[in-house]
1. Does any residue of the stretch 7-21 turn out to be at pLDDT below 85 and not in a helix (DSSP H, G or I)?
2. Can you tell me which of (1) touching a Lys or Arg at 6+ places or on another chain (Cβ under 9 Å); (2) at pLDDT below 80; (3) not hydroxyl-bearing (S, T, Y) is the one W93 doesn't meet?
3. Somewhere in the stretch 22-35, is a residue loosely packed, with under 12 Cβ neighbours inside 10 Å and either among the small types (G, A, S) or under 15 Å from the mean Cα position of the chain (by Cα) (or both)?
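The values are calculated or read from the model by the stated rules, or taken from the named source; none is laboratory data. Keep in mind it's a predicted model, so treat the numbers as computed, not measured. Ideal geometry is used to build each Cβ from the backbone, glycine not excepted, and the neighbour counts take in all protein chains shown.
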Amino acid sequence: MKELNLIRKLAWSFHRSTGLDLDDLLQEASYGYCLALKSYDKSRGAFTTHLWYVINSHLKNYLRQEHKYSDPLEGIDNLTVDSHPYSSAGGFWESLSQEAQLVADLVLSSPKMYVSARKEDCIERIYSVLSSQGWSDKKIFIALDDLQMACK
């Protein structure tokens, strides 16, 4: 199967943008390959172009089907943001810089705005809110970096 790299590339692309399991996406992309083999017509163009469209469409349908049965915001209304889950002495919360704590507070105060967003969209939303509050670009990126490093 000489188109294996294309299959891997599409599965990896969907994995990076959705966070779904790469093995599951590879399996679905491989199934899309089988569908493409059945539906290919030489008179309509190159096989790799057809393959890309079939696998891409199949993975999008797979995502729609997966998200139909799982709600990422389920139970989010039950989150408590009055007290921090890591507020014990020497815990996670205290390891964050003051700016990183403010960013975490921002996300925890409006979780629906951030939970279902892709990482890039979430960062863009955080950036927009903080810059409107007068934060400099440097301060925002340092806070996000501190928060990311603490979560590793």
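1. yes
2. (1)
3. No, that holds for no residue.
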